[in-house]
């Protein structure tokens, strides 16, 4: 029987489950029911059970979930122990913030290299790594074989650079360039991040709520 594809909404909820369960662990809780977890996360208990059933189900009816075991299983699904090699390109304000404030290792990744075209940044140490010039990128990829690239670069350079990185073995992109990458390969994963879209969604909801009050 063919393996059932997991829907994107379910996949996007997994990191949130992992985060909430980590908070429950910090509170030294041992077990939780789907109903209580749903209340904490603003979901329905049936939604949680449906999501977990996509992966075979993790709890026992009437017994709930062992928090540590559930978090470990979800972590395995997310690959948090894999430590995939990541390079970051674009060490300006945004790139520096991503490199410095995001704990890659807790999320299944390992930041191994940072690159930028700006000569003034070359040799600067950020997040424990020395920022390197772009002309070293190809040799670096051949030597260390990273699989993911974080793009914090101007949108006009994103597509051309992505095409170059594909030829260097990059299989996944976390793209902050404000340009939706177009890659015609189902085996290449692209996560286009538009922070402005999220802010506009918030603004819309705020305005809609104000109109409903009138």
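The values are calculated or read from the model by the stated rules, or taken from the named source; none is laboratory data. As the structure is a prediction and not an experimental result, all values here were calculated from the model. Counting neighbours? That spans all protein chains shown, and the Cβs are built from the backbone with ideal geometry, glycine included.
Pick from 93, 66: which is farther than 30 Å from residue 196 by Cα and out of contact with any helix residue (DSSP H, G or I) (no Cβ under 7 Å at 6 or more places or on another chain)?
Being farther than 30 Å from residue 196 by Cα and out of contact with any helix residue (DSSP H, G or I) (no Cβ under 7 Å at 6 or more places or on another chain) holds for just one of 93, 66, which is 66.
Taking the criterion of being touching a strand residue (DSSP E or B) at 6+ places or on another chain (Cβ under 7 Å), surrounded by fewer than 16 Cβ atoms within 10 Å (Cβ to Cβ) and at positive phi, would at least one residue in the stretch 68-90 satisfy it?
yes
Return only the number of the condition from (1) surrounded by 15 or more Cβ atoms within 10 Å (Cβ to Cβ); (2) without any contact (Cβ under 8 Å) to a residue 60 or more places away in the chain that residue 27 does not satisfy.
For residue 27, the failing item is (1).
Assuming residue 99 fulfils every condition listed in (1) assigned by TED's automatic domain parsing to the domain that holds residue 171; (2) in contact with a helix residue (DSSP H, G or I) (Cβ under 9 Å, 6 or more places away or on another chain); (3) buried (at least 16 other Cβ atoms within 10 Å of the Cβ); (4) not in a strand (DSSP E or B) apart from one, which condition is it?
(2)
Residues that are surrounded by 14 or more Cβ atoms within 10 Å (Cβ to Cβ) and in contact with a helix residue (DSSP H, G or I) (Cβ under 6 Å, 6 or more places away or on another chain): does the stretch 179-201 have at least one?
Within the stretch 179-201, one or more residues are surrounded by 14 or more Cβ atoms within 10 Å (Cβ to Cβ) and in contact with a helix residue (DSSP H, G or I) (Cβ under 6 Å, 6 or more places away or on another chain).
Checking residue 69 against (1) closer than 30 Å to residue 121 by Cβ; (2) free of Cβ contacts under 8 Å to residues at least 24 places away in the same chain, only one condition comes out false. Which one?
Failed condition: (1).
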